[in-house]
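Here is the structure we will look at.
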Amino acid sequence: MIGFPARRPRRLRRTAALRRLVREHQLSPGDLIQPLFLVHGTTVEREISSLPGTFQLSVDAALDREVDRVTALDIPAVILFGLPAAKDEIGSENFASDGIVQQALRRLRQRAPELILITDVCCCEYTSHGHCGVLSGERVDNDRTLEILGRVAVSHAAAGADVVAPSGMMDGMVRAIRSALDAAGHIDCAILSYAVKYASAFYGPFREAAESAPAFGDRRSYQMDSANLREALTEAALDEAEGADLLMVKPALAYLDVVRAVRERTNLPLLAYNVSGEYAMVKAAAARGWIDERAVVLEALLAIRRAGADAVITYHAKAAAAWLRESGAIAEPRALARGHGR
């Protein structure tokens, strides 16, 4: 038949300008959130061996330099993780007015007043046992933990947090934190709930970075089973009903189907966490010359956005923002642009 096929989608792929014109999803520095790891001490800028290019930072000039890099790249937000000076059974530094995160919040609020400051609200980095709550024997006591999480959130809000992000997967954590914040007068502090957090093997490097590995057992009794999708929808719906302002799915790349499913059932802003193991695999492969790091990172982050995430927490944030600034748009994978890909 003359002219067959009548529909030729390749017409709109013929040039870079045409591809840009019909591109369905975009990625920009404004979609990225940079994690920061905070430690006590002076002039500490310690690279994390399993997260190349990511550092533990002291709350002084070392943190200032990192935040200046973030803001210069138009990344709108950071999420803070603290490593305490000492650990105990309930993680007391977690809610201390002079805790490491509280110190960082006050410093950053002055240095970068427009930067969105998000804090991780959990117990694992601060407790001597490394679990995400208060223990009764060897079991995490859900309801006793809620009071601690409320104290942490209030402490962070008082120090300058814009958003608190409970990550321990405790039942009722959003309602407990919202009640505590409102009672303390922090009605404008938003809650980003790690509503859908799986017990994932992809968290390994983070546990080195935050020194948060559990002293015994694992976290499968409170983090989600990787096999479950419907449960994720239940968790997200519960946290939305309890007053969450934003929701999160973690991890991201191995759970894009979950990101999509949650996106289709909520109108709240949805974030996804491109976690440490996902980052480390890319860095390791790139170091061996097996992949084009820039192309793979931008493609992966765009996939997370395409699945439905409004923003992505990622250790690639600074590099990706710099690449996006260089290209002025989504950079096409260079290997494909050279015709080497399939």
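The values are calculated or read from the model by the stated rules, or taken from the named source; none is laboratory data. As the structure is a prediction and not an experimental result, all values here were calculated from the model. Positions of Cβ are generated from backbone atoms using ideal geometry, with glycine treated the same way; all protein chains shown enter the neighbour counts. Ligands, DNA and RNA are excluded from the accessible area calculation, which covers all protein heavy atoms including side chains. Shrake-Rupley method; radii C 1.70, N 1.55, O 1.52, S 1.80 Å.
Some observations on this one:
- Extending 7 Å from Cα along the Cβ direction at Ser136 and again at Ala61 yields two label points whose distance is 5.1 nm.
- Here the Kirkwood formula, the inverse mean of 1/r across different C-alpha pairs, assigns the chain a hydrodynamic radius of 20.9 Å.
- Comparing mean-square fluctuations of Val78, Val59, Val22 from a GNM of the chain with C-alpha springs under 10 Å, the top value falls on Val22.
- For region 17-81, applying the loop criterion from DSSP together with a ceiling of 14 other beta carbons within 10 Å to the trypsin sites (Lys or Arg not before Pro) yields Arg23.
- Atom-type composition of the exposed protein surface of the chain places 52 percent of the accessible area on carbon and sulfur (1.4 angstrom probe).
- FRET efficiency, His25 to Arg230 (Cβ-Cβ, R0 22 Å, nearest 0.05): 0.25
- Across region 68-173, the relative contact order, built from alpha-carbon pairs under 8 Å that are at least six residues apart, equals 31 percent.
- Computed with a 1.4 Å probe on the full set of protein chains, the accessible area for Glu264 sits at about 120 Å².
- An ellipsoid equivalent to region 150-285, defined through the eigenvalues of its Cα gyration tensor, has semi-axes of 25, 19, 14 Å when rounded to whole angstrom and sorted largest first.
- The chain: most fluctuating residue of His316, His131, His25 per GNM, C-alpha cutoff 10 Å: His25
- Once all protein chains are placed together, His186 keeps about 50 Å² accessible to a 1.4 angstrom probe.
- Accessible surface of Asp257 - all protein chains present, 1.4 Å probe, nearest 10 Å²: 90
- About the Cα centre, charge dipole magnitude for region 47-131 (Lys/Arg +1, Asp/Glu -1 at Cβ), debye: 180
- Note that the chain presents 45 Å² accessible area per residue, ligands and nucleic acids not counted, probe 1.4 Å.
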